[in-house]
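**Student:** This is the structure I want to talk about, given as structure tokens.
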Amino acid sequence: MKIEKTKTLPLTLTGIIIIVDQISKAIIALKWPIIPPGQAVFITDVFNNDFLQITHVRNKAIAFSLGSGIPDSVKPVLFVVLPLLVLGVLVWYYLRSNEFTNTQRWAVAGILGGGIGNIIDRIFRPDGVVDFISVKFYGLFGFERWLTFNVADSSVVVCCLLLFFSIIFTGKKTDVEVVRPDE
């Protein structure tokens with residue numbers, strides 16, 4: 001089975017996201033102390049305006065700390081094995097399907113990069129996934145600051161939104177049959 005360039009080129013985004021995510025997490029892990037839960041917050045204000053701050057927290061659960069109460073013996077299955085299976089099915093469908101538009105392929109590649117970036121942390125960082133970006137949320141949805149996140153998280157969220165809206169507004173790719181008049 002030959003895989004077309006239109007399918008493989010977006011996967012470069014997957015690699016770039018994984019690399020940027022892991023490098024940024026390594027820098028934070030080396031340069032910033034971990035903030036224990038319930039402790040005073042040590043934050044570096046990036047723009048001196050309280051909007052974007054860098055901090056260092058660890059998340060042993062999944063997005064938004066969901067599943068933090070799950071027993072540690074179950075977490076590897078739910079937070080590593082299951083996501084790996086889902087990403088594996090996504091890669092398989094991505095490579096076999098011709099239903100994605102070009103935009104949708106790039107969005108899926110971004111989702112893969114973010115998902116793999118966080119799975120790497122779950123496997124190789126026993127203290128949990130490194131989160132470090134803190135953004136002021138101005139009281140929206142009851143949050144003064146949005147939950148701390150990382151490059152992988154933002155890639156998954158942005159690319160899921162891009163995929164969602166591209167499906168709604170453009171639908172799936174369909175092959176158009178060209179009908180030529182008889183000569």
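**Student:** Taking the Cα-to-Cβ direction at LEU161 and at ASN49 and moving 7 Å from each Cα, how far apart do the two end points lie in nm?
**Tutor:** So the label points at LEU161 and ASN49 sit 1.9 nm apart.
**Student:** Separate question: Under 20 Å from a point 7 Å along the Cα-to-Cβ line of PHE169: which residues of the range 105-130 have their amide N that close?
**Tutor:** 105-111
**Student:** On to the next question. Using only Cα atoms, tell me the angle between helix 151-170 and the longest principal axis of the chain; keep it within 0 to 90° and round to the nearest 10.
**Tutor:** Helix 151-170 and the main axis of the chain meet at about 30 degrees.
**Student:** Tell me the Kirkwood radius of the range 11-170: reciprocal of the mean inverse pair distance over distinct alpha-carbon atoms, in Å.
**Tutor:** 16.8 Å
**Student:** In degrees from 0 to 90, rounded to the nearest 10, what is the angle of the helix 82-96 Cα long axis to the longest principal axis of the chain?
**Tutor:** 20 degrees
**Student:** Pull out the extension gain between VAL81 and PHE141, defined as 0.36 nm times the separation in residues minus the alpha carbon to alpha carbon distance; nm, one decimal. Write out the running numbers ahead of the final one.
**Tutor:** Numbers: separation 60, 0.36 × 60 = 21.60 nm, distance 3.21 nm.
Stretched out fully, the VAL81 to PHE141 stretch lengthens by 18.4 nm.
**Student:** While we're on this one: Which of the pairs LYS7/LYS60; LYS5/LYS75; LYS5/LYS31; LYS7/LYS31; LYS31/LYS136; LYS7/LYS75 have their Cα atoms more than 31 Å apart in this structure?
**Tutor:** LYS7/LYS60; LYS5/LYS75; LYS5/LYS31; LYS7/LYS31; LYS7/LYS75
**Student:** How would you rank 9-22, 83-96, highest first, on the average number of other Cβ atoms within 10 Å across their residues?
**Tutor:** On the way: 9-22: 17.9, 83-96: 13.2.
Per-residue mean Cβ counts within 10 Å order the peptides as 9-22, 83-96.
**Student:** Let me ask you something else. Per residue of the chain, what 222 nm ellipticity follows from adding -39500 (n - 2.57) for every DSSP H run with n ≥ 4, rounded to the nearest 500? Spell out each step's value before the answer.
**Tutor:** Numbers: 5 runs with 83 residues, N = 183.
Rounded to the nearest 500, the figure is -15000 deg cm²/dmol.
Every number in this text was worked out from the coordinates using simple rules, so none of it is lab data. Just so it is clear, the structure is predicted and the values come from calculations on it, not from any experiment. Every residue, glycine among them, receives a Cβ derived from its backbone with ideal geometry; neighbour counts consider all protein chains shown.
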